[in-house]
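Data block below; observations after.
The values are calculated or read from the model by the stated rules, or taken from the named source; none is laboratory data. Quick caveat: nothing in here was measured; it's all calculated off a predicted structure. Please note: Cβ atoms are built from the backbone with ideal geometry, for glycine as well, and neighbour counts cover all protein chains shown.
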Amino acid sequence: MKWRYFRQGLFFGMVRLSALMITLALLGMIAFLFYNGIRAVTWGFLTLPPTDSMTKGGIMPAIVGTLYLTVGAIAVALPLGVASAVYLTEYARQGIFIRIVRIGVNCLAGVPSVVFGLFGLGFFVVFLKFGSSILSGALTLAILILPTIIGAAEEALKAVPQTFREASLALGVSKWRTISRIVLPSALPGILTGAILGVGRAAGETAPIMFTAAAFFTAALPKSIFDEVMALPYHIYVLATAGTHIEQTRPLQYGTALVLIGLVLGIDLFAIILRSRVRRKKRW
Amino acid sequence: MNNLKQTLTRHLREIMIRKLFAFFAVLSVLLLGLIVLFLFREGLPLFKEIPVSRFLLGSAWYPTYDPPEYGIWPLIVGSLIVTMFSCLIAVPFGILSAIYISEIAPARIREILKSVIELLAGLPSVVLGFFGMVVLAPWLQETFDLPTGLNIVNASLMLAVMAIPTISSISEDALYAVPREFKEASYALGATKYETIIKVAVPAAFSGISTAVILGMARAIGETMVVLMVAGGAAAIPRGIFDSVRPMTASIAAEMGEAPFRSGHYHALFATGIVLFLITLAFNLIADQLSAKFKKEGCGTL
């Protein structure tokens, strides 16, 4: 009898320990980067371009580049993803067609990010002749985050009570009007949460933009969507692995890493809080 | 008459809208097809130069030599080894934390832990790679007196951090979906909480947990930046866990920038992309089959 409870205590201890260690790993990494990076992050660091062959100066072009790429990606992926989710939840009936679509979405979600990069290179850069540019990079990232958006939008649409749709249809309102006036507005907060998580994902990705958009260094800010840009994740990679000044630029690397995780985790945290508030407020 | 026309146009419009949405839904499948098409378009020309078997099983990867060697066997081995070792760490942590979150933790801690897991999933891989380079690598080098800290152990540890959130969150969903009656029946028979978790909840969620592990492995094998930065980059079959390796993803990311356009090297990197794509596709299809089965079981027909 005692042994049974001893075994249970041992198991619970292990389980708690693993949860604790995961939490500590996250907090430890954040704290480490914060401690080492905070001195580098000054106003000038955020607002000036790199100077002295990237050994001094700031990261402003990389921040702007990441902004362009993620805004472009979400602008493309959000409408496509929501439309796709509307079909899956509102129109589709069980069958082979829907089964194939679902497998397609799941498999797209599982494609490695570097393969998206290869595809972006083969399709957008070479075949469509967009070159290495904001356009190619944003479209590649858009495909990468599409499954995330579809998943979140589907969940939000499913959470809208069936009675809303029935009440609207019973009043003689057409199906499309019911969707556009009743279902979508009710699902909007949930869809937005998904969109924000998608932005966070797109902002942190490196491999998909390496061959499609990212530049080692640009002196000026991009003037059109056909220009190459610097991007925060790629900038970290370049500073940390390439060139002869790796040790010398350590502070810049820590600073850039801190800005990137501040941005990405800030976006994610915002989405998580928003979602829990939306869930709590719902009283239908 | 007028009324009929109105009804007809309205009906027609509804059908058009439905078709339009159906198109957007198929888009994901079309994109998947496009990815396959363009990987093959840029990768297949390699096999005019060398046979598939020599590409897959050749043990020398010297793409810039003259004559070049495009054998990716060491890269495949590198990918598999870091994936395997990372899963040795990530699977227990992922499943145990899922058990804690879904079965044991009080509501408040559960919410916090779920956020922690989600934030961990959101950490940019380049930051993890950077962390591995500046913290783990020097530490490993000093502690074990190695020539370099950029090796299999380092890459596996950092990859495990990336795979844990995938394994944990999907396992947790699976455990959560186990019908309450199962557990209550177990308690009613006098089982302890531990016995209920191990002998009832985990077996009932088994196919979901397997899905989680497979997707976690797929995530690890496809991960690029971490292995690019901390695996060391040696394209050779490793002899020990402190040797450097060059997984497929790292090779593609590191070399694509230098490979001359549509050279043999360029085609070889795309062909490596095909291999990588097919491996992850297989993982995902298996996971999909498993989770379809798990949904059927979820109805609780006992």
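Looking at region B:35-47, can you tell me whether even one residue there is away from chain A (no Cβ under 14 Å) and not aliphatic (A, V, I, L, M)? Checked region B:35-47: at least one residue is away from chain A (no Cβ under 14 Å) and not aliphatic (A, V, I, L, M). Annotation note: of A:I179, A:I150, A:I100, the sole residue that is at the interface with chain B (Cβ under 9 Å from one of its Cβ atoms) and surrounded by fewer than 18 Cβ atoms within 10 Å (Cβ to Cβ) is A:I100.
Let's see how each residue does on (1) within 14 Å of another protein chain (Cβ to nearest Cβ); (2) among the aromatic types (F, W, Y); (3) closer than 20 Å to B:T224 by Cα:
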position	(1), (2), (3)
B:L31	yes, no, no
B:G58	no, no, no
B:C87	no, no, yes
B:A105	yes, no, no
B:K114	yes, no, no
B:A121	yes, no, yes
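What are the residues in region B:251-268 that are facing chain A (nearest Cβ under 10 Å), in contact (Cβ under 8 Å) with a residue 40 or more places away in the chain and in a helix (DSSP H, G or I), if any? Hits for region B:251-268 are B:S251, B:Y266.
Among what's in region A:243-256 and is closer than 21 Å to B:G257 by Cα and touching a residue at least 12 places away in the same chain (Cβ under 8 Å), pick the residue that is nearest to the chain's Cα centre (by Cα). Spell out how you get there, then give the answer.
The initial filter retains those residues of region A:243-256 that are closer than 21 Å to B:G257 by Cα, namely A:243-246.
Retained after the next criterion (residues that are touching a residue at least 12 places away in the same chain (Cβ under 8 Å)): A:243, A:245.
On the way: A:G243: 29, A:H245: 31 Å.
The extreme case among them is A:G243.
The set of residues in region A:264-282 being in contact (Cβ under 8 Å) with a residue 60 or more places away in the chain, under 28 Å from A:I63 (Cβ atoms) and more than 7 Å from chain B (Cβ to nearest Cβ) consists of A:I267, A:F270, A:A271, A:L274, A:R275. Find the helices (runs of 4 or more DSSP H) located wholly in region A:58-161 whose residues include 3 or more that are at pLDDT 95 or above and within 22 Å of A:I209 (Cβ to Cβ), and list them. The qualifying helices (runs of 4 or more DSSP H) are A:60-86, A:113-120, A:134-158. If you go through region A:84-122 and pick out every residue that is hydrophobic (A, V, I, L, M, F, W, C), within 23 Å of the chain's Cα centre (by Cα) and more than 30 Å from A:S133 (Cβ to Cβ), you end up with 4.
The set of residues in region A:194-228 being among the hydroxyl-bearing types (S, T, Y), modelled with pLDDT under 90 and either closer than 19 Å to A:A242 by Cα or crowded, with 23+ Cβ neighbours inside 10 Å (or both) consists of A:T218 alone.
Evaluation of A:T256 against the conditions (1) surrounded by 24 or more Cβ atoms within 10 Å (Cβ to Cβ); (2) in a helix (DSSP H, G or I); (3) touching a Ser or Thr at 6+ places or on another chain (Cβ under 8 Å) shows that the sole unmet condition is (3).
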